[in-house]
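The values are calculated or read from the model by the stated rules, or taken from the named source; none is laboratory data. If you're wondering where the values come from, they're calculated on a predicted model, not measured in any experiment. Quick reminder, even Gly has a Cβ in these numbers, built from the backbone with ideal geometry, and neighbours come from all protein chains shown. Accessible surface is based on the protein model in full, side chains and every heavy atom, while ligands, DNA and RNA are left aside. Shrake-Rupley method; radii C 1.70, N 1.55, O 1.52, S 1.80 Å.
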Amino acid sequence: MGGWTEGYVGGIDYIRAVYRDWSPALLCFALILRGWRPPEALRRGSFTMAEPGCGHGLTSALLAGAHPAARFEAMDFNPSHIAGVRRLADDAGLANATFLEESFADHARREGPMLDVVALHGVWSWVSAENRAILLDTLRRRLAPGGVVFVSYNALPGTLTHMPLRRLLVERCAEGDGPLPDRIARAVEFASRMAAQGGGWFGSTDGVVERIEQLRHKSPNYIAHEYLNGDWTAFYHADVARELAAAKLEFAGAAVPMEQLHDLSLSPAQQALAAESRDPAQAETLRDVMTNRSFRRDLFVKGGERLGPAERRTLLGETRFALLVAADDLPEVASTPVGRLPFPRALYQPLGEALAEGPQSLDALLARPALAAQGEEAVLRALILLTSLSLAAPLMPEDGFAERKISSDRFNAAVLQRHRFGDTPGQLASPLLGAGVPVSRIEALFLLAARLGEDPAAFAWRHLSADGITLGRDGERCEGDEANRAELARRHAAFAQRRLPLLEVLGVV
Ligand SMILES: C[S@@+](CC[C@H](N)C(=O)[O-])C[C@H]1O[C@@H](n2cnc3c(N)ncnc32)[C@H](O)[C@@H]1O
């Protein structure tokens, strides 16, 4: 691959994914919860955002489609990542996004506008100390006062568990012959055979066998970019906080709102122990030790302004929410990273029913007697959980909706066209959320058929069968055109009844 990868894994592209973690309404919600004033430009949708190391750039592209008044600058040194997203940007008419094929060092030499948000997802732990220093310098020079940084990284102490696994994969991949994906598959298989013998590290470390089993189902593209980089550093939160302090950045809180609720993962005695620390970075690190955290998604602010309690309450009360699932699909018990959480019916049923009528602000929800009876704290907590579990989402303000809708429609039209060939982001832009909504290929083909006035089952089958895809039902393969079309017709009926109304509410259709 030549010398341009700077120790980063070469010869294999990253996975094509869209992430919701730094979508503007979610960022604002997470900041307000922690008592920070979000940048005004972020709330209004007229912000400037950069994504260094953007991979395929699909998150930046989708956000650019959903926020026509904002400007986006995304860059990655892998030319095939940038070639793909430029093609999407052209097709979707994204005049507000620039996708640069540049290294962090090239990019640092470039002048550009001040930035309101910088998203560093999948970057900090996977690049060298020199490259982190370059990124830090970019943050120091270009992040606007009041600006926000989203940064994810492998965290200590939880990542300690994965270290021998990474080493094993690196060693076995280096030794093998043939294309990298094949070497990765063989290395995972080898790790699995070792694990089957039990004992040693496998026997004494919780979760290792499960992790190896999970890797058997992950793409080689993910495994290569997670484990095979020359640089791979896990951090204590306190070290990241101290490193970023050099760019005048202060820890603002967990980007995932439910991770701000310490009582979910810590006993009262453990919370009291963390509270003994006066340094917030140390307190957060103590919590990570007590929960054995292995991955963090953090928000940092530069010169962030504190909200008083009354203004925080007002901003939260004005925040509107929408459901991302049908109300009767809300679970009674949710599986979460911190275990199984009950969703009591007395709270979640009236909340689900209220949101099923359409988007509602927290204040509007609390004006309903059934929810008022539950108390403000319980309703807010439920919204935090629903939001964090992608069952609901905070919305952008109503102002600017019409412009966001026109631009999202154009982006979505380009994405739907790509679903003919399976070359696509798996999300569509919602002008209501200002974020993405996951849509499967079959759902996308149904939506495209509706736009073209074609029979949805026949249209979807034409495209799926061209790719050699066959459907299944109840564990049985559907044999032949007729059985597959019948299965698609059945799935379309369910889609029209349950998913389509939701996509309409979210402004995706
Ligand atoms: C794990 S991927 C994450 C991609 C994207 N942020 C996401 O979350 O989907 C890291 C990306 O950083 C890019 N990268 C690594 N080192 C880089 C450098 N020195 N300059 C520019 N891009 C770099 C890689 O090409 C890769 O696409």
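Numbers at a glance
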{"quantity": "Under-5 Å amide H pairs with Val18, H placed in peptide plane, nonlocal only", "calculated": "Gly426"}
{"quantity": "Area projected by the alpha carbon convex hull of the chain, averaged over all directions, nm²", "calculated": "25.1 nm²"}
{"quantity": "Value at 222 nm in deg cm²/dmol, rounded to 500, when DSSP H runs of n ≥ 4 in the chain each add -39,500 (n - 2.57)", "calculated": "-14000 deg cm²/dmol"}
{"quantity": "Rough spin-label spacing in nm, given labels placed 7 Å along Cα→Cβ, for Asp474 and Asp137", "calculated": "6.6 nm"}
{"quantity": "Radius 12 Å from Cβ of Leu169, net charge of other residues (Lys, Arg +1; Asp, Glu -1)", "calculated": "+3"}
{"quantity": "Heavy-atom accessible area per residue - the chain, 1.4 Å, Å²", "calculated": "43 Å²"}
{"quantity": "Heavy-atom accessible area ranking, 1.4 Å probe, most first, across His419, His162", "calculated": "His162, His419"}
{"quantity": "Dipole magnitude of the chain, debye to nearest 20 (Cβ charges: Lys/Arg +1, Asp/Glu -1, about Cα centre)", "calculated": "340 debye"}
{"quantity": "Ala392 long-range amide H proximity, modeled H, under 5 Å", "calculated": "Leu324, Thr387"}
{"quantity": "P(r), alpha carbons of segment 333-399 - 5 Å bins starting at zero, rounded %", "calculated": "3, 15, 30, 26, 15, 8, 2, 0"}
{"quantity": "Column: log10 I(q)/I(0), Debye, Cα scatterers of segment 221-331, q = 0.18, 0.19 Å⁻¹", "calculated": "-1.14, -1.18"}
{"quantity": "Integer Hz, Karplus 6.51/-1.76/1.60 couplings in order for segment 228-241, x for Gly and Pro", "calculated": "9, 6, x, 9, 7, 10, 9, 10, 6, 3, 4, 6, 5, 4"}
{"quantity": "DSSP-loop trypsin sites (Lys or Arg not before Pro) across segment 276-317, with at most 10 other Cβ within 10 angstrom", "calculated": "Arg278"}
{"quantity": "All lysines inside 30 Å of Lys302 as judged from Cα atoms, apart from same-chain residues fewer than 8 positions distant", "calculated": "Lys248"}
{"quantity": "Space enclosed by the convex hull of the alpha-carbon atoms of segment 32-168, per residue, Å³", "calculated": "135 Å³"}
{"quantity": "Long-range amide H partners of Arg71 with built H, under 5 Å", "calculated": "Phe47, Thr48, Met49"}
{"quantity": "Loop trypsin sites (Lys or Arg not before Pro), segment 94-146 (other Cβ atoms within 10 Å of the site Cβ: 15 or fewer; DSSP)", "calculated": "Arg109, Arg110"}
{"quantity": "DSSP beta bridges in the chain [antiparallel fraction, %, rounded to 5]", "calculated": "60 percent"}
{"quantity": "Cβ-based net charge around Ser192, under 14 Å, with every Lys or Arg adding one and every Asp or Glu removing one", "calculated": "+3"}
